[in-house]
Amino acid sequence: MRALCSQACASLSIPILLSILTCMIPTRCMSSPAMAAYSEDAPDKFTLISLKNHIALDPFGVMSSWNDSLPFCNWTGVRCSRRHKERVTFLNLMDHQLVGSIPASIGNLSFLQYLYLGSNGFWGRIPPEVGRLYRLKYLNLSHNAIEGEIPPNLTSCSELLGMDLTGNKLTDNHLQGTIPAAVGKMSRLEFLKISGNNFYGNIPPSVYNLTSLFYLDVGNNRLHGEIQPDIGFTLPNLEGLYVGRNSFTGNIPVSLPNATGLGLGRLVLFKNELTNLKDDAFSFMSSLTNCSGLRLLDISMNQFEGELPPSVSNFSSELEWLILGSNQISGKIPRGIESLKGITRLDMSRNVIMGVIPENIGKLHTLLEVDLSHNKISGAIPASFGNISQLTRLSLQENSLQGNIPSSIGSCRQLETLNLSSNNLTGTIPAEVVTLPFMSISFHLARNLLNGPLPQELGNMSSLVELDVSDNRLSGVIPPTLGECIMLERLDLGNNLFEGSIPSSLSALKSLHLLDLGRNKLSGQIPKYLQNFTLLQDLNLSFNNLEGEVPYDGLFRNVSAISVTGNSRLCGGTEELELPPCKIHRKKKQRTLEFVIPLTIMCFLLFACFIISLIRLRKSGSKRPSAPSIKEHFPKVSYFQIQQATDNFSSSNLIGEGSYGSVYKGILGEERMMVAVKVLNLRRKGAFKSFIAECEALRSIRHRNLVKIVTTCSSIDSKGADFKALVYEFMHNGSLDEWLHPKEDQPEVTKSEVRPDLRNLSLVQRLKAALDMALAIDYLHNQCETSIVHGDLKPSNILFDHDMTAHLGDFGLAKFLPSASPDNCSANQSSSTGVKGTVGYVPPEYGTGGKASMPGDVYSFGVLLLEMFTGKRPTDGMFKDGMTLQEYAKIALHGRVEEIVEPSLLQEAQAHWSHREVVESSRAHFHGENVKSSRATTAKIDCLIALLRLGVLCSLENPNERMKMKDVATELSEIRAKFHGERT
Ligand SMILES: *[C@@H]1O[C@H](CO)[C@@H](O)[C@H](O)[C@H]1NC(C)=O
Ligand SMILES: *[C@@H]1O[C@H](CO)[C@@H](O)[C@H](O)[C@H]1NC(C)=O
């Protein structure tokens, strides 16, 4: 009977339940004796069910265990008291993406000590009934969408030790002013975290009476006024103080280091209007040496002044962040800085620091980021920077540095951004420095006195987005290898002594937004390909020796976007340029005849070529399903050579097993070339066809983001059986699948060579890989002679080479699409048979007999995109009962993207932008709960939102509604451009 009733209760609709709850001891329930007995028996079960019914969305189904098959004390996240068997003491539903409101009845869980509902989507207000939880010790409602005020009734929770309300939409109560003064009544409070809300006004004086407080975080609100000077004395246990990103004024509380001494570990004051006492010579800094546990010091973006005391080097050896940027700090970088053994971020930018950078800075091997820009630092750049192998960012711009750029900087292999602009550097640019493989953000050497050529090794920095060497004395030709940096968006070579013509290889730089070649000695013509750079907004070619016709199309139509003045021999262009017309146009009429004749001949020749190629196409079309045509294109290798290369197909060389065979790594021939050999299992049905398909596809295409086939082997093996193998360039960095899911078993690549230094792919790297793939697929679909459908896009088919450029591989399921000419349809016979692919990535229409198609590839690409940025496979166990990866992403697009993206992508934000970030990025650990960092930069989130939206749009159910691959590539390139624009 009881079971029946509870079932009935659980199945009641929310409005009915609400009416039950509002009458507290509801008459409706009273009318059923069983129900009444039940709620008396287990009042907490009744409350939990009401909580469950207030949850509208539970994407992971975590509350599915909340049913009668288990005692309610065993439900997910619930624990009961040992002594009082049916009373809930612990409720933890953190980080499950639940959406709903908190019912007032929560106040009935009168034995509750721990209430953790953080990192979900709870909205509405904190019910004042929470104040009835008089045994409550910890309350965590962080990172939800809770509004309104902190209810004054909460202060009845006199046992409360910790309260975390970070990252909501809480506001001040307009009648009472600011953070309720009553918070000060919770006298046992040790932990108070209310950052990232909309609180306004002063910190109420009563907060300074919470003598047990060891952690106070009020950062990122709209608070102002002074921080009480005696805070160190009134809160002697303070270990972490976070007040960053408010408008606090007045002096820095000197009592802090003095009174809290050993305990103070994190002091984060950035972005306020705090000052120090004018005549104390910045003694505050010296006194921080008393804090032997100091790990984080961020006083940036305030109004501190005075000399940096040498005693800075006596700071705790545990110090990780020393962030002093954007103040008025003077003095020198102390020589003793080498004793800060654990430091990862050193930022003294935008101060008035003088003197030299001490050579022994190179002993700080843990450094990841160094920013000393915008100071008055002189002397040479220490060569010892080369010893800091982990360094990802080095910013020394806007100083008075002299001497050469040390070539040792080329040893900082992880460097992503290097800025040495606006100094007095001399000498040449060392080739070592322009070969850094991860240099992906910016490379700035502008406004120095550098001479000599631009090293051609530059082409190795193929991920680079920004290159600026303007305003130097660089000479020689523009190296054609620059055309390999195809990610470039800003290229500024202006005001140097470059000569020669603009290389044709630059036609590959289609991502350019800005191109400045002005004020050089360049000669020759303006390349026509610039007309096709659709993203270019700013082109400067002025003051060179360029000649000939200015193009008319594309960007050249917009006079305000281009500058060609100061080239005396240019002609043509749009009328607004007011250049003399080119001769050809002026004499048009007279020359008509001269043109007509060659034109006729050319037309005839073109037509003849067309006919011939049509005939050849038909011939090759009919030949397509046979292998021999491959011979002409690749030098063949023998079975014996492959046997040798793979050490007789030894299992130690086996790197993967695919659907139609095994893949071995090997060393081929006298050139000892590293290769990957796919040996087809010809007993497998369809393997031969897949061999042909792949040969055919790879034969006719060439693109930097497709794996390159080296050769093929069609032979007889040692036992006399048919043997077929494909030999590809070896991809040193494994597959995307291994990078995305490093620990799990690989479904296809079982024994991959996972590198020991394998680290997580950053957002920048993922973005680049995604764009690489979009370009490769767009190429297959739209730029090949005959459109090719890949048919099996998935992470294990995407491979990374030595410099992490992504290549699309495995064309075993590739199909040629029928061309416009109906006669050619015969070449397409394979696509009419059942289409295979990989579960999770196959579009729904293939299952219902649809043919391999371009929208099918777009679908798989969409799934791939979602997987890349959420870290979840489409086949993950959580996707069942109609929930799919696409649906999951779609739901999260309503303001919850932070919670579904691969967590490391958000953490990474802290490494790059933390000084601009909210204080909680430094993560105090609240009772071991995995509280997510609240806000990465908006740029980052915006970028992720755009990516997930694109993934969802690509993987729509209806093939006709999906985007075209060309548009996908454009969109991705724009997302990337916007992201790089915003983060710098
Ligand atoms: C419920 O949890 C308790 C304590 O953890 C355990 O002993 C018991 O076996 C569980 N009951 C069920 C039905 O799982
Ligand atoms: C809030 O506290 C007041 C005073 O203690 C009490 O009268 C009132 O019932 C409480 N409200 C709720 C909803 O518990």
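Relative contact order for the range 92-189 using alpha-carbon pairs under 8 Å, separation at least 6, rounded to a whole percent? Write down the numbers at each step before the final one.
Details: 232 pairs, mean separation 23.5, N = 98.
So the answer I get is 24 percent.
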Tell me, how many Å apart are the Cα centres for the range 455-518 and for the range 66-110?
62 Å
Out of residues 5 or more away from LEU170 or on other chains, whose amide H comes under 5 Å of its own, with H placed 1.01 Å from N in the peptide plane?
ASN198
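Counting Lys +1, Arg +1, Asp -1, Glu -1, what net charge surrounds LEU401 among other residues with beta carbon under 13 Å of its beta carbon? Write out the running numbers ahead of the final one.
Working: positive: LYS376, ARG447; negative: GLU398.
That works out to +1.
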Spatial separation of Cα centroids for the range 133-199 and the range 644-686, in angstrom:
63 Å
Over the alpha-carbon set of the range 634-730, work out the extent along each principal axis and list the three values in angstrom, largest first.
35, 34, 24
To the nearest 10 square angstrom, what accessible area does MET878 show with a 1.4 Å probe?
40 Å²
To the nearest 10 Å², what's TYR779's accessible area with a 1.4 Å probe?
30 Å²
For ILE337, net neighbour charge (Lys/Arg +1, Asp/Glu -1) across residues whose Cβ lies under 12 Å away
+2
Hey, quick one: spin label on ARG569, modelled 7 Å out along Cα-Cβ, who in the range 481-524 has an amide N within reach, i.e. under 20 Å?
497-504, 517-524
So who's got an amide H within less than 5 Å of the one on GLY524, skipping anything under 5 residues away but keeping other chains? H placed 1.01 Å off N, in plane.
GLU547
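Would the range 455-597 count as rounded, prolate or oblate if I go by the C-alpha gyration tensor, calling it rounded below 1.5 in a/c and otherwise prolate when a/b exceeds b/c, oblate otherwise?
Numbers: a/c = 1.99, a/b = 1.82, b/c = 1.09.
Prolate, since a/c reaches 1.5 and a/b exceeds b/c.
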Simple spin-label estimate for GLU670/ASP538, 7 Å along Cα→Cβ, in nm, reads 5.4 nm
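For the peptides 64-73, 328-337, what is the packing order when you average, over each peptide's residues, the other Cβ atoms within 10 Å and list the highest mean first?
Numbers: 64-73: 14.8, 328-337: 17.5.
Descending mean neighbour count gives 328-337, 64-73.
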To the nearest Å, what is the center-to-center distance of the range 880-905 and the range 318-376, using C-alpha atoms only?
41 Å
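Restricting the count to DSSP beta bridges whose residues both fall in the range 455-597, what percent are antiparallel, rounded to a multiple of 5? Show your work: numbers first, answer last.
On the way: 0 of 23 bridges.
Approximately 0 percent, going by the DSSP bridge assignments.
Taking a ≥ b ≥ c as the square roots of the Cα gyration tensor eigenvalues, with a/c under 1.5 meaning rounded and otherwise prolate when a/b beats b/c, else oblate, which class fits the range 334-418? Intermediate values should be presented prior to the final figure.
Numbers: a/c = 1.42, a/b = 1.20, b/c = 1.18.
Rounded.
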³J(HN,Hα), Karplus 6.51/-1.76/1.60, whole Hz, each residue of the range 139-150, x for Gly, Pro:
10, 10, 10, 5, 6, 10, 10, 7, 10, x, 9, 6
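What is the local net charge at CYS157, summed over the other residues whose Cβ is closer than 12 Å to its Cβ (Lys, Arg +1; Asp, Glu -1)?
On the way: positive: ARG132, ARG135, LYS137, LYS185, ARG188; negative: GLU129, GLU159.
Combined, the nearby Lys, Arg, Asp and Glu give +3.
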Just check the range 211-256 against the gyration tensor rule for me: Cα atoms, a ≥ b ≥ c as the square roots of the eigenvalues, rounded for a/c under 1.5, and otherwise prolate or oblate depending on whether a/b exceeds b/c.
oblate
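Kindly give the semi-axes, whole Å and largest first, of the ellipsoid equivalent to the range 62-211, taking each as the square root of 5 times a Cα gyration tensor eigenvalue.
Values: eigenvalues 154, 62, 27 Å².
They are 28, 18, 12 Å, listed from largest to smallest.
The values are calculated or read from the model by the stated rules, or taken from the named source; none is laboratory data. Quick caveat: nothing in here was measured; it's all calculated off a predicted structure. Don't worry about glycine lacking a Cβ; one is built from the backbone with ideal geometry, like all the others, and counts go over all protein chains shown. Side chains included, ligands, DNA and RNA excluded: accessible areas come from the protein's heavy atoms. Shrake-Rupley method; radii C 1.70, N 1.55, O 1.52, S 1.80 Å.
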